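The values are calculated or read from the model by the stated rules, or taken from the named source; none is laboratory data. Worth saying up front: this structure is predicted, and the values here are computed from it rather than measured. Here the Cβ positions follow ideal geometry from the backbone for every residue, glycine too, while neighbour counts run over all protein chains shown. All accessible areas refer to the heavy atoms of the entire protein, side chains included, with ligands and DNA or RNA removed. Shrake-Rupley method; radii C 1.70, N 1.55, O 1.52, S 1.80 Å.
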Amino acid sequence: MELLNQEPQLRQVFTELTDHLATLQAIPAGQMIVDFKPDQRELVLQWDAQRQLARISLPKLVYFGRLYSQLVALDLTRDQALREPVLFPEVAFSLDLSRNGVMRLETVRQFVRYLAVMGYTHLYLYMEDTYQVATQPYQGYLRGAYSQAELQAIDDDAAQFGIEVVPCIQTLAHLDQLLKWPAYDQVREDQSTLLVDQPETYQLISQWLRQLRATFRSRRVHLGLDEANGVGRGQYLQHHPYQSQQKLISQHIAKVVDLCEQAGLAPEIWSDFLYRALDRRQAPGYYALDADLDEQAAAQLPKEVAYCYWDYGEAKEENYRIRLQRHRLFGPKVHFAGGVHIFGNLVPNYGKSWQTLAPALAACQQEQVTQVMLTTWGDDGQETSHWLALPIMQLFAERCYHEKIDFALGAERFSHCVQPQLFTSFLQLDQLNEVPGVLPENYWMANPSKYLLWQDPQVGLFDEDLRRYQAATGVDLAAYYQQQAAQLQQWPEAQGVWTQITAYYQRLAQVLAQKSTLGLRLRQAYLADDRTALVDLATQVLSPLRSQVEKLQALHYQIWQATYRPFGWEVLEARYATLASRLGTTARAIYDYLAGDTQALAALAAPRLPYGGATPLTELSAPIYRKIAFTGYN
């Protein structure tokens, strides 16, 4: 394919994207002309088969990659015409770079190319403390924080495609990894929240903002401000009389917005805490539908701020529309963020992701929201890598240019943008959590693959939930996971990091086939004093399973090394090491018991209670490792 335009930036983008697309399919012969029409609200691609000429018409450079990726996939033996409406002026993607997984620069570079061919216009880098500030040596200390030069390299790389990179930080809560250091005692409200009304707090925030202003082309900055439930409830009361959270958050926003103005930045914030603070009813949860918002207080909020409504759980379009309409009370700039459910899990929840995103995007279109964002949070240590967000990332992008889409379109576009043939395969990973009885699309986010892997073999916090589930359904989870392992073995061949990802989930299913019911089998043999069964468990299950866990860890390590900086891996390695060690300890305890130490397996004698109370295993979600693996202090 030959580009006839002579504009240097366009030719550079054409070369970069040709290299990317050539790894996925053959680039056809022919010529291409690109016309830029700033007022055009659609993307147009026309192919003249006789002249072997493609004519692309678009409003901005940022859309070129989307049309180019579709051109190479067309049947070019006949004339073709493609038109796509630009349903949202801004289609944003957010990378969480704070939950241990700080991406290698080459990984970010790869994601930028995915953004370019899918049609994303903005990249938000979520960095709680993982950007270096010269005056703050403990900021990002031993966390893999990016230097200014590295962030500028990311910005430069994205800018050539027309993608705007926006820093997304925190200026109130979610700062646990920073505030743990004694150097921040003066600005600490509690373990995760900054101390409002403290001069040192605003001096610190000013340093952050000026650093970002000097780093990025964009004049935007996302200030965070979500989930700040501790504001005014900790050290603040040691210095000031009690104040309502509504008053404190409003004052804090005003101060930080003023600092943004001084730094030449345009602020955006998450709106959840503000929404709740303005609710006269103080209804529980996020974005209560029956909230009674204080319109007078809302009218006082700064109107230059973009207020971002985020929601990762709502499944009804009408409820999204109600909340979006209420956001107009805050100001004219209303954004929306949905999420890929890769957080708090070993396995992505694709069903829940699209179950919530599809109605959200429909509502945003109806309410004429100017920016929609897809987030990729890595809560609880980034157990699931960002690569697994890509199938939903593709669907999200397609919905931003088509009023109606299906998974067939997602699969086709994924093959041309990311990796051939893997879209449908990766959607099958849902089955590692969607055991028989779980609702289709897993609305309650049941995650047995995580808690049955990490729970202790002797102190199994979920064993009673599992026993009740198997008794009620007749399902043998060990056999179920063995079947899943066999199905995963049928996946098509992959390339690069996708090879390790495929192997990892195949191995995970094999491990779960043994580990899922291990606690029940151990306890049954112990209570029956079945010494033959105990010996078999020690020799035929525990020892081989420990080896399998170590192989699973090795595969996960390969994925991590290919994706992230080494900082943060030690957290996940400790989880595998703990499990492997406890499997070995359990085998030794069996031998000690058989040798006459009657207390060696005493933990198995303790009565078992359901972890979820009345919540069945099919609806049980346990996203936090510390609450899965241990009962003692940790």
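Below, the figures for the structure above:
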| read-out | value |
| --- | --- |
| Members of segment 149-167 found to be touching a strand residue (DSSP E or B) at 6+ places or on another chain (Cβ under 8 Å) and either assigned to a helix (DSSP H, G or I) or more than 20 Å from His222 (Cβ to Cβ) (or both), listed by number | Leu151, Ile154, Asp155, Ala158, Ala159 |
| Restricting segment 1-26 to residues that are open to solvent by 50 Å² or more (accessible area, probe 1.4 Å) and among the β-branched types (Val, Ile, Thr), the residue that is modelled with the highest pLDDT | Thr15 |
| Unique match (being within 19 Å of Met373 (Cβ to Cβ), part of a loop (DSSP other than H, G, I, E, B) and touching a helix residue (DSSP H, G or I) at 6+ places or on another chain (Cβ under 6 Å)) among Tyr307, Tyr320, Tyr287 | Tyr287 |
| Residue selected from segment 155-186 under the condition open to solvent by 10 Å² or more (accessible area, probe 1.4 Å) and aliphatic (A, V, I, L, M), by the criterion farthest from the chain's Cα centre (by Cα) | Ala183 |
| Segment 187-204: number of residues that are within 26 Å of the chain's Cα centre (by Cα) and either surrounded by 14 or more Cβ atoms within 10 Å (Cβ to Cβ) or small (Gly, Ala, Ser) (or both) | 4 |
| Options Pro420, Pro436; residue that is modelled with pLDDT under 95, open to solvent by 20 Å² or more (accessible area, probe 1.4 Å) and in a loop (DSSP other than H, G, I, E, B) | Pro420 |
| One residue from Arg41, Arg99, Arg109 being buried (at least 21 other Cβ atoms within 10 Å of the Cβ), closer than 25 Å to Val165 by Cβ, touching a residue at least 12 places away in the same chain (Cβ under 8 Å) and charged (D, E, K, R) | Arg99 |
| Residue in segment 6-18 that is in a strand (DSSP E or B), in contact with a helix residue (DSSP H, G or I) (Cβ under 7 Å, 6 or more places away or on another chain) and over 28 Å from His222 (Cα atoms) present | no |
| Wholly enclosed helices (runs of 4 or more DSSP H) of segment 472-559 bearing at least 3 residues of a type in the set (Gly, Ala, Ser), more than 22 Å from Asp592 (Cβ to Cβ) and open to solvent by 10 Å² or more (accessible area, probe 1.4 Å) | 477-488 |
| Qualifying residues in segment 590-634 (those that are part of a helix (DSSP H, G or I) and acidic (Asp, Glu)) - the one farthest from Arg523 (Cα to Cα) | Glu619 |
| Cβ-Cβ under 9 Å pairs, at least 6 apart or on other chains, segment 1-14 side free of Cβ contacts under 8 Å to residues at least 24 places away in the same chain, far side open to solvent by 90 Å² or more (accessible area, probe 1.4 Å) | none |
| Candidate set from segment 357-369 (those that are out of contact with any strand residue (DSSP E or B) (no Cβ under 6 Å at 6 or more places or on another chain) and closer than 23 Å to Glu434 by Cβ); member that is surrounded by the most Cβ atoms within 10 Å (Cβ to Cβ) | Pro359 |
| Complete set of residues in segment 589-634 that are more than 30 Å from Asp380 (Cβ to Cβ) and either within 26 Å of the chain's Cα centre (by Cα) or polar (S, T, N, Q) (or both) | Thr598, Gln599 |
| Within segment 220-232, considering residues that are touching a helix residue (DSSP H, G or I) at 6+ places or on another chain (Cβ under 8 Å) and either assigned to a helix (DSSP H, G or I) or of a type in the set (D, E, K, R) (or both), the one nearest to Asp156 (Cα to Cα) | Asp226 |
| Hits in segment 60-73 - residues which are touching a Leu at 6+ places or on another chain (Cβ under 8 Å) and not in a helix (DSSP H, G or I) | Val72 |
